[in-house]
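To start, the structure under review is shown below, and the notes come after it.
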Amino acid sequence: MHEGSITSQIVENVLREAEKRKAKRVLEVHLEIGKLMFLNPEQVHFWYQMLTKNTILEGSQLLIEEKPGTVKCPKCGYEGDFQYVDDPALHMPMPTLNCPKCDGTVKIVSGKDCFIKTVKMLI
């Protein structure tokens, strides 16, 4: 359901912007989604199709660009991908806040964002 609420906000924002610009139709919406948002792109596409019915977004193309998450360790200076724990109970590898090099606590640098990169409209 996480995907449904996020996608609803995306659709509302695009509709608001299209209305401001007096667009006749939205042709394409390009999203950039960080890995740490834990959004399933297939579910985002599903919700997008459902939420855009009977709007000027109906039939528009949704492009999703997934961005990796990165961390930085203040202890050893490591900057890169997360260390992951593969617990079968979680059904997917989960990132930890432990440094892959020194096991210190890392800070998240990127990967927690989701934004609308571009929108193509017919005006």
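The values are calculated or read from the model by the stated rules, or taken from the named source; none is laboratory data. Remember, predicted model here, so these are calculated numbers, not experimental data. All Cβ positions, glycine included, derive from the backbone under ideal geometry; neighbour counts span all protein chains shown.
Before we move on, is Met50 of a type in the set (A, V, I, L, M, F, W, C) and free of Cβ contacts under 8 Å to residues at least 24 places away in the same chain? Steps first, answer last, please.
Values: of a type in the set (A, V, I, L, M, F, W, C): yes; free of Cβ contacts under 8 Å to residues at least 24 places away in the same chain: yes.
Yes: the conditions hold for Met50.
Of the numbered conditions (1) modelled with pLDDT under 95; (2) exposed (fewer than 15 other Cβ atoms within 10 Å of the Cβ); (3) of a type in the set (A, V, I, L, M, F, W, C), Phe46 fails exactly one; give the number of that condition.
Here Phe46 meets the rest and fails (1).
Kindly indicate whether Gln61 is among the polar types (S, T, N, Q) and farther than 19 Å from Leu122 by Cα.
Numbers: among the polar types (S, T, N, Q): yes; farther than 19 Å from Leu122 by Cα: no.
So Gln61 fails the test.
Which residue pairs have Cβ atoms under 8 Å apart, sit 6 or more places apart or on different chains, and have a first residue in segment 5-22 that is more than 15 Å from Ser60 (Cα to Cα) and a second that is modelled with pLDDT under 95?
Ile6/Met37; Ile6/Leu39; Ile6/Cys114; Arg21/Ile123; Lys22/Ile123
Quick check on segment 91-115: of everything there that is part of a strand (DSSP E or B) and under 20 Å from the mean Cα position of the chain (by Cα), which residue is modelled with the lowest pLDDT? Don't jump to the end; show me each part of the working.
If we filter segment 91-115 for residues that are part of a strand (DSSP E or B), which is where we start, we get 94-95, 98, 105, 107-110, 114-115.
From the residues that got through so far, the ones that are under 20 Å from the mean Cα position of the chain (by Cα) too are 94-95, 107-110, 114-115.
Values: Met94: 77, Pro95: 80, Lys107: 95, Ile108: 93, Val109: 93, Ser110: 92, Cys114: 92, Phe115: 93.
Residue satisfying both the conditions and the ranking: Met94.
Which condition does Glu28 not pass, out of (1) part of a strand (DSSP E or B); (2) surrounded by 14 or more Cβ atoms within 10 Å (Cβ to Cβ), if it passes all the others?
Answer for Glu28: the failing condition is (2).
Looking at this structure, is Glu65 exposed (fewer than 13 other Cβ atoms within 10 Å of the Cβ), in a strand (DSSP E or B) and touching a residue at least 24 places away in the same chain (Cβ under 8 Å)?
On the way: exposed (fewer than 13 other Cβ atoms within 10 Å of the Cβ): yes; in a strand (DSSP E or B): yes; touching a residue at least 24 places away in the same chain (Cβ under 8 Å): yes.
Answer is yes for this residue.
Search segment 74-88 for residues being under 24 Å from the mean Cα position of the chain (by Cα) and of a type outside the set (Asp, Glu), and hand back the single one that is surrounded by the most Cβ atoms within 10 Å (Cβ to Cβ). Show your work before the answer.
Filtering segment 74-88 down to residues under 24 Å from the mean Cα position of the chain (by Cα) leaves 79-87.
Remaining after also requiring of a type outside the set (Asp, Glu): 80, 82-85.
Values: Gly80: 16, Phe82: 22, Gln83: 17, Tyr84: 13, Val85: 11.
By that ranking, first place goes to Phe82.
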